[in-house]
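K.L.:
Once you've had a glance at the structure underneath, I'll fire off some questions.
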2 protein chains.
Amino acid sequence: MSSIKELARRCGVSVATVSRVFNTPEIVSPGTRRHVLDMAAEVGYLPNESARTLATKKSNMVGLVWDTDHRRPGWRHPFLQDILVALKSALSAQGLHLLMLAPDRSAGPDSRQRFLRAVQRHSVDGVVIIDNGSRDPAVLALVDAEVPCVALDLRFTGPTCTSITSDNAGGGRLAAQHLIDRGHHRIATITGPPDTWPAAERLAGFRAALTEAGRTLADADIASGDWYLDSGYAAMKRLLPRSPTAVFAAGDEMAVGAMRAIHEAGLRIPADIAIIGFDDIEVAALVPPGLTTVAQDKTGIGTAAAEAIVAMLLGSPAPAEPTTLPTALITRGST
Amino acid sequence: MSSIKELARRCGVSVATVSRVFNTPEIVSPGTRRHVLDMAAEVGYLPNESARTLATKKSNMVGLVWDTDHRRPGWRHPFLQDILVALKSALSAQGLHLLMLAPDRSAGPDSRQRFLRAVQRHSVDGVVIIDNGSRDPAVLALVDAEVPCVALDLRFTGPTCTSITSDNAGGGRLAAQHLIDRGHHRIATITGPPDTWPAAERLAGFRAALTEAGRTLADADIASGDWYLDSGYAAMKRLLPRSPTAVFAAGDEMAVGAMRAIHEAGLRIPADIAIIGFDDIEVAALVPPGLTTVAQDKTGIGTAAAEAIVAMLLGSPAPAEPTTLPTALITRGST
DNA sequence: CGGCACAATGTAACCGGTTTCATGAAACCG
DNA sequence: CGGTTTCATGAAACCGGTTACATTGTGCCG
């Protein structure tokens with residue numbers, strides 16, 4: 001692998017000129033430019049990114065902060081893959097690489113610095129944060145250090161930090177309106193962890209739409225889960241004694257768990273109980289009779305995250321308000 | 001952020017000594033070592049990885065080659081996320097970062113060099129390849145260039161290249177044996193793309209077990225799909241006229257599609273047709289009556305890939321034979 | 001006590017780029 | 001035609017580490 005010096009020598013020019021050919025081609029004469037480019041292709045010259053990063057402090061890498069340590073409540077969710085693929089594709093299109101950061105252990109495995117240190121050591125240009133609402137101090141350290149951040153489904157604010165989210169409140173309204181339209185009166189809901197932003201928003205939207213329609217949502221008609229299937233099953237068991245005719249589960253996984261509880265109780269969907277979920281993960285379409293749900297635009301989220309980080313890297317200020325993507329009602333057999 | 005020079009100055013030692021404190025601590029006297037470490041903690045010194053990479057040509061980064069470009073048949077599969085999480089966790093535990101490589105576009109978007117160039121520019125130590133059996137020439141370029149490679153479900157050989165796979169043939173046998181045990185005689189199968197290694201192995205194992213049991217698998221009882229749901233549906237439609245009593249679908253997604261076709265034909269599962277899948281993705285447990293399937297150890301695959309690449313980075317030769325992980329029969333309602 | 005091995009440290013070259021500043025030649029101006 | 005811009009390029013410092021080699025000060029040996 002030839003270096004810039006080697007290439008410069010073969011072209012009979014200085015390294016500065018070669019460097020210019022690749023970085024500011026407009027200021028080098030067409031003749032030399034051609035010559036250098038041809039020779040570069042011939043010898044297979046590739047600029048060394050480490051050297052470039054060292055000199056410029058820009059790495060063309062976006063960090064992904066996603067703590068998959070099994071001791072921590074790292075977020076695993078079936079739709080993350082869709083987001084990740086979209087994110088990676090959109091970044092690739094800009095020539096940016098996505099670095100899945102290993103937490104830095106030099107200050108201890110639980111250090112508040114574990115992400116920040118990794119980011120700084122690698123001169124990562126910005127980060128995308130996938131977290132489950134746990135407000136990990138190590139994530140906050142990034143915000144405090146003013147690393148350009150884009151958080152998914154997490155409300156962070158700071159001069160260099162913005163977030164991307166679905167219109168959770170609007171989705172909650174969509175769900176409520178749909179159940180109202182279907183003529184339901186005894187309506188219950190299974191929410192996510194109450195202290196997480198998406199869960200709170202979905203519930204707020206849902207409740208607001210019910211209120212506007214002149215109904216109220218009793219506390220006893222609210223059960224909460226942890227997004228995952230088993231918690232939906234358990235929550236539904238708690239709700240069954242209230243004999244609702246319709247349930248809004250704030251996540252599809254929980255909805256599927258709830259459906260199981262409903263079946264086990266000998267009730268039919270949607271005849272005895274209608275159910276609507278949120279997310280539109282793959283199983284929603286597959287589990288009979290098909291789960292009506294509020295779809296999130298997963299690809300849109302990934303793409304928006306990429307756009308947001310790219311904009312910040314180009315110098316735009318971080319939008320103070322979250323970028324909100326529309327949700328859509330997908331009607332299937334469960335309502 | 002302080003540099004090594006700064007730290008050396010404050011400690012009253014040379015940069016070489018500081019460097020040794022972090023790289024070969026055993027050859028520096030305990031006194032200075034302590035002093036340097038204390039001072040490093042005090043000023044928040046972090047070694048710059050780009051500089052280190054530049055000097056050593058080791059980056060502590062493993063590349064992930066996974067072409068998600070929508071124009072290409074990049075592999076998307078529900079279980080990839082599990083593999084990815086396991087891979088990332090296992091690498092993180094070794095202090096290695098996972099770099100999702102953006103294809104290098106400097107030689108054109110379809111260049112055979114697009115991954116290799118990215119790998120070389122970033123001095124990536126090794127790569128993990130996720131591909132769908134398409135034998136992309138750009139992937140082969142990595143093998144040819146003798147980059148340390150670990151391929152998932154892809155049979156590559158080379159002095160620096162090994163692969164990780166489930167025991168697909170064994171899994172195929174498991175499926176056949178299970179159907180035989182259940183007393184089925186009219187058995188059909190839906191395979192993956194015939195030119196892919198996992199599909200071929202699963203079919204081979206399946207057929208072998210049938211043969212050993214004194215049965216044959218007629219060509220007309222074999223339909224192939226592309227792993228995804230719709231193709232399973234279509235394949236099953238083709239098989240229905242053969243009125244099989246049991247079907248082995250070489251992937252769960254296709255199995256779910258097949259189940260749909262079976263239902264639409266007014267047949268019951270498992271009473272009229274039993275079906276067994278492969279993979280054990282999340283939906284398998286959720287789609288009624290529960291899909292019996294041959295489970296792959298997704299976490300094991302990710303972990304094994306990490307171990308394999310780590311071993312190669314430490315100097316071990318690439319195992320010529322693939323690392324094969326056991327599969328397991330998961331019995332549910334569909335058989 | 002001279003010579004030697006060894007442990008601890010320093011000096012300086014090097015990794016491969018970017019960028020500031022200087023330089024020389026050509027173009028432009030009155 | 002002399003002086004000033006402008007353009008293309010080169011020289012050299014710099015980014016922040018690693019490491020081969022040189023240097024120094026011990027302790028040990030015969």
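K.L.:
How many residues does the range A:55-85 contain that are within 12 Å of DNA strand C (Cβ to nearest atom) and either closer than 24 Å to A:Lys298 by Cβ or free of Cβ contacts under 8 Å to residues at least 12 places away in the same chain (or both)?
P.N.:
2
K.L.:
What do you reckon, is A:Thr189 in contact with a helix residue (DSSP H, G or I) (Cβ under 7 Å, 6 or more places away or on another chain), modelled with pLDDT of 95 or more, not assigned by TED's automatic domain parsing to the domain that holds A:Glu282 and not charged (D, E, K, R)?
P.N.:
It is false that A:Thr189 is in contact with a helix residue (DSSP H, G or I) (Cβ under 7 Å, 6 or more places away or on another chain), modelled with pLDDT of 95 or more, not assigned by TED's automatic domain parsing to the domain that holds A:Glu282 and not charged (D, E, K, R).
K.L.:
Continuing with this model, one more query. Does the range B:213-230 contain any residue that is in contact with a helix residue (DSSP H, G or I) (Cβ under 7 Å, 6 or more places away or on another chain), assigned by TED's automatic domain parsing to the domain that holds B:Ile275 and in contact (Cβ under 8 Å) with a residue 40 or more places away in the chain?
P.N.:
yes
K.L.:
So the check is Cβ under 7 Å with 6+ separation or different chains; which pairs have a first residue in the range A:21-35 that's within 18 Å of A:Pro47 (Cβ to Cβ) and a second one that's away from DNA strand C (no atom under 13 Å from the Cβ) and among the basic types (Lys, Arg)?
P.N.:
Going by the 7 Å Cβ cut-off, the qualifying pairs are A:Val21/A:Arg33; A:Pro25/A:Arg33.
K.L.:
Consider the range A:83-140. How many of its residues are within 21 Å of B:Arg121 (Cα to Cα) and of a type in the set (S, T, N, Q)?
P.N.:
Residues meeting the conditions: 5.
K.L.:
Report yes if some residue within the range A:266-286 is part of a helix (DSSP H, G or I), crowded, with 23+ Cβ neighbours inside 10 Å and at pLDDT 95 or above; otherwise report no.
P.N.:
no
K.L.:
Considering only the range A:1-81, give the helices (runs of 4 or more DSSP H) lying wholly within it that have at least 1 residues that are of a type outside the set (Phe, Trp, Tyr), more than 9 Å from DNA strand D (Cβ to nearest atom) and in contact with a helix residue (DSSP H, G or I) (Cβ under 7 Å, 6 or more places away or on another chain).
P.N.:
A:4-11, A:30-43, A:49-56
K.L.:
Then there's this: From the residues in the range B:6-17 that are within 10 Å of DNA strand C (Cβ to nearest atom) and not hydrophobic (A, V, I, L, M, F, W, C), which one is farthest from the other protein chains (Cβ to nearest Cβ)?
P.N.:
For the range B:6-17, the residue satisfying everything is B:Gly12.
K.L.:
Considering the range A:36-53 alone, what residues qualify as being in contact (Cβ under 8 Å) with a residue 40 or more places away in the chain and at the interface with another protein chain (Cβ under 9 Å from one of its Cβ atoms)?
P.N.:
A:Gly44, A:Leu46, A:Pro47, A:Asn48, A:Thr53
K.L.:
Determine if the range B:102-110 includes at least one residue that is of a type in the set (S, T, N, Q) and more than 10 Å from chain A (Cβ to nearest Cβ).
P.N.:
no
K.L.:
Any idea how many residues of the range A:67-101 are within 8 Å of chain B (Cβ to nearest Cβ), on the phi < 0 side of the Ramachandran plot and in contact with a Lys or Arg (Cβ under 8 Å, 6 or more places away or on another chain)?
P.N.:
5
K.L.:
Take A:Val21 and tell me if it is more than 8 Å from DNA strand C (Cβ to nearest atom), among the β-branched types (Val, Ile, Thr) and farther than 30 Å from B:Asn48 by Cα.
P.N.:
no
The values are calculated or read from the model by the stated rules, or taken from the named source; none is laboratory data. Computed from a predicted structure; not experimentally measured. Cβ: placed from backbone, ideal geometry, glycine included. Neighbour counts: every protein chain shown.
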